[in-house]
Amino acid sequence: MNYKVCTKCKENKPSTKEYFYTQKTTTKKYGVRYVLTSWCRDCINKKQAKYRKEHIEECRIRELKYYHADLVRKERKKAGYRKHAKENREVYAERLSEWQKANPNRVREYNRFREMHKKHDVTNNEWENCKNYFNYRCAYCGYPTEEHFIKRKEKCIWSDFHKEHFDHDGSNDITNLIPSCLWCNSSKHQSEYDDWYNESNEDYTPERHYKIKKWIFEDHKKYRD
């Protein structure tokens with residue numbers, strides 16, 4: 001095993017990614033390469049922790065800027081995908097049809113799952129108020145209901161949102177009702193809400209997460225018939 005001396009603490013450590021970070025370098029001779037840092041991970045972490053402690057406000061502002069920039073980037077990416085999907089509905093419908101033909105077992109499993117959990121015991125007024133509460137957008141990803149097209153009998157048609165169960169094994173009334181697009185409902189499937197809808201989910205935002213929890217645990221009471 002090769003070893004490398006940290007230029008900060010002078011300790012001789014294995015030259016692996018476990019002990020050293022990697023950084024991108026560009027040279028005329030070798031082009032773009034990723035090499036190990038001169039400082040070990042421990043020294044770099046201590047330096048960053050010290051800097052953060054001494055510049056708390058500056059770090060907070062930087063993190064907020066990065067957070068909002070990341071949100072804008074994700075929204076632009078989704079907007080581009082939605083625009084492409086809207087302009088190429090027939091292509092996406094054909095892809096879905098091909099996938100369904102190639103995966104009949106998964107289609108049957110999904111249909112059986114929907115059969116077991118598809119019926120909510122809610123009034124039309126409760127359902128309309130629920131969608132209105134989320135501004136007629138998917139509660140999970142923010143996709144607008146007017147652009148919610150699905151494939152039925154070889155045709156791409158508009159469809160209302162799914163009445164999704166916040167708790168997979170929960171009740172079928174308004175206390176467990178979430179408006180969801182086809183894609184989010186399929187992605188969540190039988191997953192627990194907190195396991196599926198968190199920061200690792202590309203559609204996650206703290207604002208939507210807060211609104212969903214507020215609806216489920218409090219605000220739905222205002223609209224219960």
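The values are calculated or read from the model by the stated rules, or taken from the named source; none is laboratory data. Remember, predicted model here, so these are calculated numbers, not experimental data. Cβ atoms come from the backbone with ideal geometry, glycine included; neighbour counts cover every protein chain shown.
Brief remarks follow.
- Summed over segment 148-169, residues that are surrounded by 14 or more Cβ atoms within 10 Å (Cβ to Cβ) and modelled with pLDDT under 85 total 5.
- Elements of the type helices (runs of 4 or more DSSP H) sitting completely within segment 135-225 and holding at least 1 residues that are out of contact with any helix residue (DSSP H, G or I) (no Cβ under 8 Å at 6 or more places or on another chain) and in contact (Cβ under 8 Å) with a residue 40 or more places away in the chain: these cover 182-188, 206-217.
- Here TRP127 meets each of (1) assigned to a loop (DSSP other than H, G, I, E, B); (2) surrounded by 14 or more Cβ atoms within 10 Å (Cβ to Cβ) with one exception, condition (1).
- Among the residues of segment 101-124, those identified as modelled with pLDDT under 85 and surrounded by 12 or more Cβ atoms within 10 Å (Cβ to Cβ) are VAL107, GLU109, TYR110, PHE113, ARG114, HIS117, LYS118, HIS120.
- Taken over segment 13-28, residues that are of a type outside the set (Ser, Thr, Tyr) and surrounded by 11 or more Cβ atoms within 10 Å (Cβ to Cβ) amount to 5.
- Residue check, TYR197 exposed (fewer than 14 other Cβ atoms within 10 Å of the Cβ), under 23 Å from the mean Cα position of the chain (by Cα) and of a type outside the set (A, V, I, L, M): no
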